[in-house]
1. Once both labels are modelled 7 Å past Cα along the beta-carbon direction, what's the residue B:304-residue A:129 spacing in nm?
2. Rank the residues A:95, B:268, A:197, B:210 as a footprinting-exposure proxy: fewest other Cβ atoms within 10 Å of their Cβ go first.
3. Could you work out the relative contact order of the range A:102-195? I mean the mean sequence separation of Cα pairs under 8 Å and 6+ apart, divided by the number of residues, in percent.
4. May I have the pair-distance distribution P(r) for chain B, computed from all Cα-Cα distances with 20 Å bins from 0 and rounded to whole percent?
5. Test of understanding: in a Gaussian network model of chain B with alpha carbons linked when under 10 Å, which of B:68, B:141, B:99 would top the mean-square fluctuation ranking?
6. What is the packing order of peptides A:23-33, B:244-254, taking the mean over residues of other C-beta atoms within 10 Å and listing the highest first?
7. What average count of beta carbons from other chains do you get within 10 Å of the Cβ of residues in B:145-155?
8. With springs connecting C-alpha atoms under 10 Å apart, model chain B as a Gaussian network and identify which of B:230, B:170, B:136 has the largest mean-square fluctuation.
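Nothing in this text is a laboratory measurement; each read-out follows from the coordinates by a stated rule. In this text, all values refer to a predicted model and were calculated from it rather than measured experimentally. Cβ sites come from the backbone with ideal geometry, for glycine too, and all protein chains shown count toward neighbours.
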């Protein structure tokens, strides 16, 4: 951006084309270090991922004989061995399925409840509202470690330990403060006149919420859905605590347990890692716009 | 099969139940006298959210504090014993030190690199493409990122073929291979770097958005006056970005204190790499519940100042709404 502007200014200042061409070359040369630094940064940020993806398409023998870069030159020796092996490993295929069964309901439950709560905080007056909301803002940063033991005990008391319902509820509880906060800000920003005129026409709160508030909040809910979904899909701690040894444990937990249990033979986990990250990467690539907008508008906590 | 049905029921059922709750509840409330309506309605609407927050956050928070002063079987008070254990046992002290390292260096590098990269990319034409590259690790889970870096850090004894990218690169320049994750001088920096690598794109995107909002006229005027790029960054860009930097910085500090996944997957806290969160999980997994509770409380206390900062910022925002 700025570079272009500087150039145009110089060009208008000097009219001789020959000088201007030379000048531009000199200018570009001056900027060489800038490009170099950027390229180094880009390399550090993408090469590790590329290395893993390349490795996942090699067999374990090749992996321990030479680094991933050797597969870039013939003979490539690409194979699907790791994928076959990892999918046949006990629990892996089931755990991918479990991840889906955990993520989808957990996302739906928390967003449904959060939208409803946010509506109350945005458009209703009640005693203690400010205090409740400040508590919610505070809860956004409370580490979930602080809650694990009592929640675990609760699940044991109600016979929910190790079930999907337990993680759906836990994820929902942990995600709600942030979602209520964000959706309340969004809902609160909607024009007051719309709600007032609906009220004059005799529409009750149920109608105003379902027919006006929810449809108008769809953009915020949509980008929040992406992040909540990925957050749950990528989660390790919650599932490890509540489903650590249950047959219902998700993909992230199984990968983690394989890393430690396999010791030296963990190479074929490259395929597992690629499978695990393919969904988030696909979401990022196809929904890039929502992704970046979501982050810059504050719909993520990082 | 049963599980699919349960999940499907939850996905369809929960919104339907909430819908029923709203519609039926409103029917009942609308029949009440006016003053009772205005009193009950908000609580009726906020109840599910407040209920969830209470059951899963407020109540456990109080209970954890309570447990941290009890013995392991929860039958008697033990005063500060669990805390004394935490602050005197060498292993837990190491985790405290490491969390401090994370706090300082993770935050510094994530925000610093995010800022530097945002400023650099602002000056080139392939900015959007480069941003995608830097942002790529953000959607990747910490578990997958850890596997990615396990290969980068892979170590074979000197003399054998180095298949880890870093050690192969070192070897190409004639260096000796380093056991990155075992060696106690390199393992914590290595883990922190994996964290930084995963989050820099996040910081960059936010800082970059705020960078774009700085008016180009101000920058042009400064350039006209002969200020060089470094001075512009130092005197104009950084001060204008400061509010954004502090917001991103607080988020990163909270992230640093909560760090769990990367350490747990890459080293499980071995070789003196434990952090508070992994320490807490180990106490929990070995059924030292009251000790785990004390560790949780320590983690919480470390975050309380940030909690206050967040609430203050929220209140300021509310005043300007």
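1. 3.1
2. On the way: A:95 26, B:268 16, A:197 12, B:210 19.
Ordered from fewest to most neighbouring Cβ atoms within 10 Å, A:95, B:268, A:197, B:210 come out as A:197, B:268, B:210, A:95.
3. Details: 63 pairs, mean separation 53.9, N = 94.
About 57 percent, as a whole number.
4. 22, 45, 29, 4, 0
5. B:141
6. On the way: A:23-33: 11.4, B:244-254: 20.3.
Answer by packing, highest mean first, reads B:244-254, A:23-33.
7. Other-chain Cβ atoms within 10 Å of each residue's Cβ, averaged: 6.
8. With Cα springs under 10 Å in chain B, the top fluctuation among B:230, B:170, B:136 is at B:230.
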